[in-house]
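Right, one structure below, let's go through it.
Taken together, the values in this text are just the output of simple stated rules run on the coordinates, not laboratory data. From a predicted model like this one, the values you see are computed outputs, not experimental measurements. Using ideal geometry, Cβ is built from the backbone for each residue, glycine included, and neighbour counts are taken over all protein chains shown.
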Amino acid sequence: MERLFLFERPYSAIPGIFPILQVKSNQAEPMMQLTRSYDGTGHVDFVGAGPGDPELLTLKALNAFERADVVLHDRLISAEVLELAGKSAVLVDVGKAGFGPSWKQEDIDALLVDYAAKGHHVVRLKSGDPTVFGRLDEEIEAVETAGISWQIVPGITAASAAVAGIGQSLTRRGRNSSVRFLTGHDMKGFADHDWTALARPGSVAAIYMGKKSARFIQGRLIMHGADRDTPVTLVENASRPDQRVLATTLDQLPTDLNAAEMDGPTLTFYGLAPRQAAKALTEFKKEHA
Ligand SMILES: C[S@@+](CC[C@H](N)C(=O)[O-])C[C@H]1O[C@@H](n2cnc3c(N)ncnc32)[C@H](O)[C@@H]1O
């Protein structure tokens, strides 16, 4: 059956909310024809979609898709994963639509509660692992306050996929006994971290949302004594067919990043270089692309 794409459909169940609602469904009138969940009780599964490769979904995620009446998903979810998620459910894009307006967090919370309160089985699909930089707690609180049952289905986070893409491990005996997961920016702007600890030799960090803040991070680390030759590796579209790897140094980070024009989601590793074989393979692929 042909898929239906609806754009800018006002969601009128919540007074005052008119977000951009992008619905894809096999059903002619998805909002009207939603059936009740399998036992008539609403429920929310917060599901990790992984980094993009559908083979990196868990069986538990697939089982949640089977039960779902409606899937509310983020912008970063790959088309291949959405294809699996939407087999029998209505898909609602609650991410940013192109350069258009974004959904407000409180509107997403309200929509989750509204669908589940009507007895639907809702999958809230988040990229990677929902517990990593996913604003999960706000949504859980909304669902819990409404007395709706929920569970978390973990997924493979971008750092795990990206480090596999460069043939490295996140920790290594004798190199680094800890690894930090950082965000490049938070609600206040560029995020502050323990720069002194990060600047110590041997530190490794996986930086999410780190492209815009690359120059800031570089400046802070150098100011706190980091070696300018510390390896920095960026993995764009980790696990996807268009994955790209940029190997650079702290010194060259902003310049090389600018030249690479990375538009896709990108994970930045501070303190990790690609394993030689992985690096050679990337260069070979680039030459033969
Ligand atoms: C809001 S965070 C969500 C992280 C997600 N919950 C996870 O566990 O991967 C979005 C950031 O994750 C990173 N990211 C997500 N998917 C990625 C991918 N396939 N390749 C590289 N980085 C990715 C990027 O840094 C992106 O800006």
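Grab the Cα-Cα distance for R135 and H288, subtract it from 0.36 nm times how many residues apart they are, and report the gain in nm with one decimal.
51.1 nm
Can you list residues from other chains, or at least 5 along the same chain, whose modelled amide H is less than 5 Å from the amide H of R75?
For R75, the qualifying residues are G95, K96.
Add +1 for every Lys or Arg and -1 for every Asp or Glu among the other residues with Cβ under 11 Å from the Cβ of R220, and state the total. Don't skip to the answer; put the middle values down first.
Values: positive: R215; negative: D192, D194.
Value of the local net charge: -1.
In which sequence would L125, L246 go, from the one with the fewest C-beta neighbours within 10 Å to the one with the most? The partial results should precede the final answer.
Details: L125 29, L246 19.
Placing the least packed residue first, the sequence is L246, L125.
How long is the gain from M187 to T249 if the chain were fully straight, where each residue apart is worth 0.36 nm and the alpha carbon distance is subtracted?
Extending this stretch completely gives an extra 19.5 nm.
Suppose R0 equals 35 Å; then what is the FRET efficiency for Q276 and S102 from their Cβ-Cβ distance, rounded to the nearest 0.05? The partial results should precede the final answer.
On the way: r = 41 Å, r/R0 = 1.18.
Given R0 = 35 Å and the Cβ-Cβ separation, E is 0.25.
Using the per-residue mean of other Cβ atoms lying within 10 Å as a proxy for protection, in what order, highest first, do the peptides 167-174, 57-64 fall? Please report the intermediate quantities before stating the final value.
Details: 167-174: 13.0, 57-64: 17.0.
Output ranking for 167-174, 57-64: 57-64, 167-174.
Using a Förster radius of 22 Å, what is the FRET efficiency between D194 and E261 based on their Cβ-Cβ separation? Nearest 0.05, please.
Given R0 = 22 Å and the Cβ-Cβ separation, E is 0.10.
Order 87-95, 47-55 from most to least packed using the mean count of other Cβ atoms within 10 Å.
Descending mean neighbour count gives 47-55, 87-95.
Which net charge results for the neighbourhood of L253, defined as the other residues with beta-carbon distances under 11 angstrom from its beta-carbon, given Lys and Arg at +1 and Asp and Glu at -1?
Local charge sum for L253: +1.
In the structure displayed, which of K60/K188; K188/K211; K60/K118; K87/K188; K104/K212 lie more than 28 Å apart, Cα to Cα?
K60/K188; K87/K188
Among 176-189, 217-230, what's the highest-first ranking by average C-beta atoms within 10 angstrom per residue?
The most tightly packed comes first, giving 217-230, 176-189.
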